[in-house]
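Notes to accompany the following structure.
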Amino acid sequence: MSDDVNLHLFQAYGIEVEYMIVDAETFAIRPLCDQVLKAIAGTYVGDVEFEELAWSNELVLHVIELKTNGPRPLLRGLSAALHADLRRIDGILAEHGARLMPSGTHPFMDPLLETTLWPHDYSPVYEAFDRIFSCKGHGWSNLQSVHINLPFADDEEFGRLHAAIRVALPILPALSASTPIMDGKIAPHLDQRLAVYRSNARAVPSVSGRVVPEQVFDHDSYQKDLLQRIYRDIAKHDPEGILQEEWLNARGAIARFDRMAIEIRILDSQECPTADHAMCALVIHLVRALVEERWSTLDQQKSWPVDPLADVFDAVVKDGDRALIENLDFLALFGQRERGPMTAGELWRVLRAELAPDVDTEVAEAMRVMTDEGPLARRILKRVGADPTHEDLVGLCRELSSCLVENRQLR
């Protein structure tokens, strides 16, 4: 995250949020990201930078990403900065009869017919992904996520941070799930984006593993035991070595030693900047409490192999806040052994109260909504019912886009 001096734990944060571009009337996806960036830069570019934020392209042409322009020492003010830039982008898109839409997936996009890959700079990388994995599918072309980048200064800090993030990952979808609809119908998982994400790289299974990272807690082990295995497995599909980079790793959190940060990648985009801000703040406070050994020791956190963590993760991907966590040893990592078994939603309500983040009033209220009323996916289902029509889904899209431009939550 820094080219000059390595930042220490929790000294700064890098936040990335993806949004989809849709038709202003039909809400079908519109591949216009390059036109938005060109409107600012005057030519086709992959990103444009402003004082607080930067805008950039993604794999597909109907998705645009807003991110902090470098490490941000405080999250305070993030939602206002995102909101201002989103309104500016909406103004550009209005000239094309389009607008932005939030949440983690488009509810009725057909990726086989509607996917358009980014055609400009960096396209050889995207073409390689498409050749190997076929990107005309939901997990590649129909997704919008939020990434949190947390810095570390050295191997010791990396080990502490990676241990904490690994045990936090399984419960994050209970907070962030926003994707209960896919292909125009209610999906079998509350977080269907992550359900599909798990099988994105089935041609080379080691690329994503079980999403929860392995027990590797220093640079050399990470390279030898994790990255080199992925590079070997993909080599026969990628003879030119285009993809042999750290970002090929598709686990739910990946080490970026090139910028000395761990990137948490499994969070669904929410309906408005304040909700994204609230989600990021809660996740960061949780990880920090684990790093500080508030409820469990570093050795206890390191001791967890992948499979039991991934089992909890899979259950939470399916049922979100209503997933029952019966593993008392896992609950003990958060100081909740005596209260268990408990649902993931109950756990988050307890954690929000114990963490008590110092945030602005509107962010605190967004946290309360997400933990007390359920994640966005749950609120979407309450809105559209068990068997929504296409008109119902268009109405949902319209409401979500209004939430985004007005910076309010779906209630």
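Check residue 1 against each of (1) modelled with pLDDT of 95 or more; (2) under 29 Å from residue 162 (Cα atoms) and name the one condition it does not meet.
Against the list (1) modelled with pLDDT of 95 or more; (2) under 29 Å from residue 162 (Cα atoms), residue 1 comes up short only on (1).
Hey, among 143, 194, which residue is touching a residue at least 60 places away in the same chain (Cβ under 8 Å), not β-branched (Val, Ile, Thr) and not in a helix (DSSP H, G or I)?
Numbers: 194 fails: not in a helix (DSSP H, G or I).
That would be 143, the only listed residue that is touching a residue at least 60 places away in the same chain (Cβ under 8 Å), not β-branched (Val, Ile, Thr) and not in a helix (DSSP H, G or I).
Inspect segment 77-97 for any residue being modelled with pLDDT under 95 and either closer than 22 Å to residue 245 by Cα or outside any loop (DSSP other than H, G, I, E, B) (or both) and give the result as yes or no.
No, every residue in segment 77-97 fails to be modelled with pLDDT under 95 and either closer than 22 Å to residue 245 by Cα or outside any loop (DSSP other than H, G, I, E, B) (or both).
Got a number for residues in segment 375-391 being outside any helix (DSSP H, G or I) and farther than 15 Å from residue 183 by Cα? Explain how you work it out, then say what you get.
The initial filter retains those residues of segment 375-391 that are outside any helix (DSSP H, G or I), namely 375, 385-389.
Still in the list and also farther than 15 Å from residue 183 by Cα: 375, 385.
Number of matching residues: 2.
Quick check on my filter: what residues within segment 317-369 are touching a Lys or Arg at 6+ places or on another chain (Cβ under 9 Å), charged (D, E, K, R), loosely packed, with under 15 Cβ neighbours inside 10 Å and farther than 12 Å from residue 282 by Cα?
329
Restricting segment 132-173 to residues that are small (Gly, Ala, Ser) and over 27 Å from residue 238 (Cβ atoms), which is surrounded by the fewest Cβ atoms within 10 Å (Cβ to Cβ)?
Residues of segment 132-173 small (Gly, Ala, Ser): 134, 137, 139, 141, 145, 153, 159, 163-164, 168.
From what's left, over 27 Å from residue 238 (Cβ atoms): 153, 159, 163-164, 168.
On the way: 153: 15, 159: 20, 163: 24, 164: 26, 168: 23.
Result: 153.
Would you pick out the residues in segment 198-225 that are among the polar types (S, T, N, Q), over 19 Å from the mean Cα position of the chain (by Cα) and in a loop (DSSP other than H, G, I, E, B)?
215
Which condition number in (1) under 18 Å from the mean Cα position of the chain (by Cα); (2) modelled with pLDDT of 95 or more; (3) assigned to a helix (DSSP H, G or I); (4) under 17 Å from residue 20 (Cβ atoms) is the one that residue 103 fails?
Condition (3) is where residue 103 drops out.
Anything in segment 25-38 that is buried (at least 16 other Cβ atoms within 10 Å of the Cβ) and either of a type outside the set (D, E, K, R) or without any contact (Cβ under 8 Å) to a residue 24 or more places away in the chain (or both)? List them, or say none. Talk me through it step by step, then tell me what you get.
So in segment 25-38, the residues buried (at least 16 other Cβ atoms within 10 Å of the Cβ) come out as 27-38.
Hits for segment 25-38 are 27, 28, 29, 31, 32, 33, 35, 36, 37, 38.
Please name all residue pairs, on different chains or six or more residues apart, with Cβ atoms under 9 Å, provided the first residue is in segment 85-103 and is within 16 Å of residue 47 (Cα to Cα) and hydroxyl-bearing (Ser, Thr, Tyr) and the second residue is at pLDDT 95 or above and in a loop (DSSP other than H, G, I, E, B).
Pairs that qualify, where the first residue is within 16 Å of residue 47 (Cα to Cα) and hydroxyl-bearing (Ser, Thr, Tyr) and the partner is at pLDDT 95 or above and in a loop (DSSP other than H, G, I, E, B): there are none.
The values are calculated or read from the model by the stated rules, or taken from the named source; none is laboratory data. Everything numeric here is computed off the predicted structure, so don't read it as measured data. Note that we place each Cβ from the backbone using ideal geometry, even for glycine, and neighbour counts take in every protein chain shown.
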